[in-house]
1. Can you pull out every residue in segment 293-312 that is within 16 Å of ligand 1 (Cβ to nearest atom) and either among the hydroxyl-bearing types (Ser, Thr, Tyr) or modelled with pLDDT under 95 (or both)?
2. In segment 90-102, how many are buried (at least 21 other Cβ atoms within 10 Å of the Cβ) and touching a residue at least 60 places away in the same chain (Cβ under 8 Å)?
3. Within segment 116-137, does at least one residue satisfy the condition of being more than 16 Å from ligand 2 (Cβ to nearest atom) and over 24 Å from Ile248 (Cβ atoms)?
4. Quickly run through segment 67-95 and pick out the residues that are among the aliphatic types (A, V, I, L, M) and part of a helix (DSSP H, G or I).
5. Tell me which residues, restricted to segment 308-323, are within 21 Å of Ile198 (Cα to Cα) and part of a loop (DSSP other than H, G, I, E, B).
6. Return the total of residues in segment 104-115 being out of contact with any Cys (no Cβ under 9 Å at 6 or more places or on another chain), within 16 Å of ligand 2 (Cβ to nearest atom) and among the small types (Gly, Ala, Ser).
7. I'd like to verify a number: residues in segment 121-145 that are of a type in the set (S, T, N, Q) and without any contact (Cβ under 8 Å) to a residue 24 or more places away in the chain, how many?
8. Can you find a residue that is more than 19 Å from Val179 (Cβ to Cβ), surrounded by fewer than 21 Cβ atoms within 10 Å (Cβ to Cβ) and touching a residue at least 40 places away in the same chain (Cβ under 8 Å) anywhere in segment 242-253?
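The values are calculated or read from the model by the stated rules, or taken from the named source; none is laboratory data. None of these values were measured; they are calculated from a predicted model. Cβ placement follows ideal geometry from the backbone for every residue including glycine, while neighbour counts extend to all protein chains displayed.
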Amino acid sequence: MSMNRLVTLEQFIVDQQSIHKEATGAFSRIFRALELGAKMVNRDVRKAGLVDILGEMASVNVQGEVQKKLDVIADDTFTRVLSRCGEVCTIISEEQDDAYFVPGCEDKEYIVSMDPLDGSSNIDVNASIGTIFSIYRRTNTAVPPSVEDCLQPGINQLAAGYFLYGTSTMLIYTTGNGVNGFTLDDSLQEFCLSHENICIPENGKIFSVNEGNLSDFPPGVVSYISWCKEKDKSTNRPYSARYIGSLIADVHRNMLRGGIFLYPATENKPDGKLRLMYECNTMAFLIEQAGGMAHTGKQRVMEVMPTELHQRVPLYIGSTHMVEQVLGLLETEGNF
Ligand code: AHG
Ligand code: MN
Ligand code: MN
């Protein structure tokens, strides 16, 4: 990349702000905090094999899952930087039982939701992990902040994105005006625009699902998966199965290449596994902005009205044509 085409994240945000005159500096401050948090977590991730931060902590989070040390480190890091930026009133996190109201910021406008470390089962095996975030506006800043403030549907997101700590470190984000990607230049420690206006192909040939759970999936999903594996030249089948086990990394690949990611309901877990507020809404906003689709099998993800912070929903997300096909089969063959 020649220097005269180099656009840093900071420059990009400033440019966007001058296009949208109504935008205040608050957004830049929140993004600067997120960027700093990601650089700190990235540093810890990169030396994860060298220092004693691998392995499990004794504590268990509200979802009943064992927290990894890096989960806790990432949660703590992002909470600290967001608290200090002076614009965020409330932080909700997959790793926190309750909402955190930032002391001294009770009258501020913004709520940040986050999954500080997504794909944590991949930490110890050096596969891609990431941080997911969304920004919402409080409905009423004149009253004290509350959990109810946070229970907003995904369509209310002002911005959403993820940092991917992969082969390189990336930020992908949207403010509702398309999706752009930035890659961290290690030597400059700057996120530089590398993927402008990302569009997901309308169709693809990658399906991503934990097939180990196949016998528990709804009949419509079982039919779709066996259809993906059939041989048929005219539709480019069989498709390829790709599953990392990090939502971020799986959706990232599918967004760039075309494909579908499924985390279905099962009979015992009718809401699936993934969390609406920390994972699904963010990815849904990004994928829709890139031209794809995100659905629970019953409704558009971003229209689900949350009733609790740690709520889960089934997820079918990716290339429009593929998601529509699964929805058709859920309808005709059966859903839970
Ligand atoms: P987290 O690490 O934040 O708990 O999220 C893990 C999630 C998601 O990233 C991934 O897509 C999914 O769990 C994988 O679940 P399975 O191991 O059940 O396939
Ligand atoms: Mn996660
Ligand atoms: Mn997590």
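1. Matches in segment 293-312: Thr296 only.
2. The qualifying residues number 4.
3. Taking every residue of segment 116-137 in turn, at least one turns out to be more than 16 Å from ligand 2 (Cβ to nearest atom) and over 24 Å from Ile248 (Cβ atoms).
4. Residues of segment 67-95 that are among the aliphatic types (A, V, I, L, M), as a first pass: 70, 72-74, 81-82, 88, 91-92.
Within segment 67-95, Leu70, Val72, Ile73, Ala74, Val81, Leu82 meet the criteria.
5. The answer is Ser319, and nothing else.
6. 0
7. Keep residues of segment 121-145 that are of a type in the set (S, T, N, Q), which gives 121-122, 126, 128, 131, 134, 139-141.
Cutting the leftovers down to without any contact (Cβ under 8 Å) to a residue 24 or more places away in the chain gives us 139-140.
Final tally of qualifying residues: 2.
8. Of all residues in segment 242-253, those more than 19 Å from Val179 (Cβ to Cβ) come to 242-245.
Retained after the next criterion (residues that are surrounded by fewer than 21 Cβ atoms within 10 Å (Cβ to Cβ)): 242-245.
Okay, now just the ones that are also touching a residue at least 40 places away in the same chain (Cβ under 8 Å), so 244-245.
Among the residues of segment 242-253, at least one is more than 19 Å from Val179 (Cβ to Cβ), surrounded by fewer than 21 Cβ atoms within 10 Å (Cβ to Cβ) and touching a residue at least 40 places away in the same chain (Cβ under 8 Å), which makes the answer yes.
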